[in-house]
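Notes follow the structure.
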Amino acid sequence: MADWRDEVEPWVLESRIKVPYTWTAGETGSHYLLELKDNKKFWGTRCPQCKRIYHVPKRNCPECFTECTEWVELGPLGTLRDYTIMRKAEPRLHTLPVPFAYGVIFLDGSDTGFLHLLYEYEEADLAEGLRVEPVFAEERTGHILDVKYFRPAKAVS
Amino acid sequence: MQPVAIVGVGQTKVEANKIRERFEDMVFEATNKALADAGMTIDQIDNVTTISNDFWDGRTISSMAINDACGSYDKNVSTAEGDGTFGAIYGLMRTLAGTFETTLVVAHHKGSESVMRLITNAMFDPIFERSMGIDAIASAALQAGSYMRKYGISEEQCAMVSVKNHGNAKKNPYAQLAMDLTVEEVMRSEMLSDPIKKLDCCPIGDGAAALILATGERAKKITEKPVWVKGVGYCCDSYHLGYRDLAGCDALVAAAKQAYTMAGIVDPRKEIDLVELHDAFTYQEPFWLEGMGFCERGEGGKLTESGKTALGSELPVSASGGCLSSNPVLVAGLVRIIECALQIRGDAGEHQADGVKTALAHGVNGPAGQSHCCWILGGEA
């Protein structure tokens with residue numbers, strides 16, 4: 001017995017959802033991003049109880065559940081922990097041409113790592129413990145990508 | 001815990017693009033299969049838990065769009081957004097609350113209708129992480145690299161997981177990607193984000209799954225083969241990758257411990273017969289098995305290499321083909337529970353393992369195994 005469903009041509013509609021968002025960086029994030037923009041400086045927050053220094057800054061310490069109100073200047077050099085070389089391009093997402101790398105970087109003075117991009121490296125040099133330095137954008141807008149990427153530190157320190 | 005059992009299960013075949021079906025069509029199929037499996041009708045379902053993700057569905061409160069299809073119209077229905085194992089715990093809690101005797105849990109996912117990398121990128125913090133373009137594969141690769149370097153797990157050992165799971169999938173009619181592979185073929189596949197290659201990754205696909213939970217006495221009336229919930233556990237690690245030890249899986253250790261304690265399991269190596277793992281990337285088999293205590297930390301690669309995780313061996317892992325062969329997101333965790341239930345009942349068909357009395361179903365939520373959920377299921381109350 002013929003079933004109409006076997007005959008039907010599937011009809012596919014294209015659409016997209018466009019919703020502009022405005023995300024506040026919050027007081028803690030705002031202070032951090034404006035320092036990055038205006039002074040090319042990295043700041044973290046220190047937990048008054050366990051003294052752990054968070055970068056990127058946390059408003060409250062998740063371990064002690066207390067407010068972190070003290071700022072500590074960090075970096076600008078850091079040490080690489082986790083990394084991966086991205087080889088599959090996705091122009092809708094990536095700000096650098098492949099291959100580039102993602103890294104979890106511990107800025108000097110910080111107890112926590114943060115995600116950023118790595119570029120201008122030799123693949124053989126990528127390793128846990130690699131010393132890295134930030135490359136700042138000329139035009140800074142108060143954005144995490146005011147640091148275009150990190151690269152192996154030129155001066156040994 | 002009061003006795004609760006799984007009394008009915010249903011799943012659609014997972015396919016790369018179910019172009020002939022909307023997500024509610026898949027939900028209707030999975031729901032009806034679970035009802036038929038339990039020998040129940042929709043009016044015997046007291047309440048419903050649905051599992052879906054608005055971002056993937058491209059619709060806010062997308063759970064409301066499926067109430068015709070899962071019979072939740074005119075019923076108490078609530079929704080979980082997260083892996084199916086977590087959603088099923090919500091269903092379990094609703095069953096345990098004492099108000100309802102039967103609970104339908106249903107999950108759906110259409111990966112084919114959007115763009116995986118853009119959607120998984122959106123799970124990251126918009127202020128500090130998202131603009132770097134990181135996605136599910138890159139975050140998993142950060143973890144894979146650190147874990148493999150720390151413990152000397154080789155890419156070949158990971159490739160063996162791909163070979164095994166895609167091979168197991170040939171025996172599972174619901175699996176999406178079933179194929180004969182060699183370690184060399186996996187190793188030669190396109191490098192996406194070091195050390196993860198294309199054949200180390202799950203495919204994108206469409207599917208739905210459903211299960212029915214019932215309280216103890218009711219379960220015995222519904223079916224001769226109830227599968228009992230012996231223990232559950234879940235734990236969540238930090239959201240930001242930099243705050244976590246990516247080479248560890250502390251959240252899984254904690255989740256497994258909770259589930260073992262509840263189930264009275266002292267030594268999982270002796271007491272668990274089969275594992276259905278949330279193994280969306282190959283490194284996750286050795287990594288997650290270590291976290292669950294099936295071997296010592298760092299020994300997971302050798303465990304895989306020994307062949308003990310193959311179907312027909314000591315501890316079959318993802319006999320269904322696992323997430324590596326089919327990974328409709330969120331649905332995948334529910335399928336892990338369903339597959340364990342089928343194995344315990346002896347109804348898994350061609351990929352049935354021998355003598356499965358106790359099984360562990362595992363689910364993951366969030367980037368690079370941020371949170372884990374473990375279910376211990378057994379055939380006896």
| message | Among the numbered criteria (1) away from every other protein chain (no Cβ under 14 Å); (2) in a loop (DSSP other than H, G, I, E, B), which one does B:Ile134 miss? | response | (1)
| Can you tell which of B:Gly301, B:Gly366, B:Gly322 is under 27 Å from B:Val7 (Cβ atoms) and touching a residue at least 60 places away in the same chain (Cβ under 8 Å)? | B:Gly322
| request: Test each condition in (1) away from chain B (no Cβ under 13 Å); (2) under 18 Å from A:Phe136 (Cβ atoms); (3) not charged (D, E, K, R) for A:Pro48 and report the one that comes out false. | output: (2)
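Check whether at least one residue in the stretch B:110-127 is more than 14 Å from chain A (Cβ to nearest Cβ), in a loop (DSSP other than H, G, I, E, B) and in contact with a strand residue (DSSP E or B) (Cβ under 8 Å, 6 or more places away or on another chain), and report yes or no.
No, because not a single residue in the stretch B:110-127 is more than 14 Å from chain A (Cβ to nearest Cβ), in a loop (DSSP other than H, G, I, E, B) and in contact with a strand residue (DSSP E or B) (Cβ under 8 Å, 6 or more places away or on another chain).
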| field | Residue that is within 30 Å of B:Thr12 (Cβ to Cβ) and of a type in the set (Gly, Ala, Ser), where the choices are B:Gly145, B:Gly167 | value | B:Gly167
| Taking A:Thr112, is it modelled with pLDDT under 95 and within 22 Å of B:Ile127 (Cβ to Cβ)? | no
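Taking helices (runs of 4 or more DSSP H) that do not extend beyond the stretch B:175-289, which have at least 3 residues that are closer than 21 Å to B:Gln143 by Cβ? Spell out how you get there, then give the answer.
Values: elements: B:183-188, B:216-222, B:250-263, B:268-271.
Helices (runs of 4 or more DSSP H) meeting the threshold: B:250-263.
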| query | Can you spot a residue in the stretch B:213-225 that is within 14 Å of chain A (Cβ to nearest Cβ) and either in contact with a Ser or Thr (Cβ under 7 Å, 6 or more places away or on another chain) or at pLDDT below 95 (or both)? | reply | no
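For every residue, the table says whether it meets (1) surrounded by 15 or more Cβ atoms within 10 Å (Cβ to Cβ); (2) within 11 Å of chain B (Cβ to nearest Cβ); (3) free of Cβ contacts under 8 Å to residues at least 40 places away in the same chain; (4) out of contact with any strand residue (DSSP E or B) (no Cβ under 9 Å at 6 or more places or on another chain).
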residue	(1), (2), (3), (4)
A:Leu77	yes, no, no, no
A:Arg81	yes, yes, no, no
A:Ile85	yes, yes, no, no
A:Leu93	yes, yes, yes, yes
A:Pro97	no, no, yes, yes
A:Gly103	yes, yes, no, no
A:Leu107	yes, yes, no, no
A:Leu117	yes, yes, yes, no
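Considering B:Ala319, B:Ala348, B:Ala332, which residue is farther than 20 Å from B:Ala214 by Cα and surrounded by fewer than 24 Cβ atoms within 10 Å (Cβ to Cβ)? Quick ask: steps written out before the conclusion?
Details: B:Ala319 fails: surrounded by fewer than 24 Cβ atoms within 10 Å (Cβ to Cβ); B:Ala332 fails: surrounded by fewer than 24 Cβ atoms within 10 Å (Cβ to Cβ).
The conditions single out B:Ala348.
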| field | Lone qualifier among B:Val27, B:Val14, B:Val7, B:Val48 - being buried (at least 22 other Cβ atoms within 10 Å of the Cβ) and without any contact (Cβ under 8 Å) to a residue 60 or more places away in the chain | value | B:Val48
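The values are calculated or read from the model by the stated rules, or taken from the named source; none is laboratory data. Keep in mind that this is a model prediction, so the values were computed, not measured. Every residue, glycine as well, gets a Cβ built from its backbone with ideal geometry; the counts of neighbours run over all protein chains shown.
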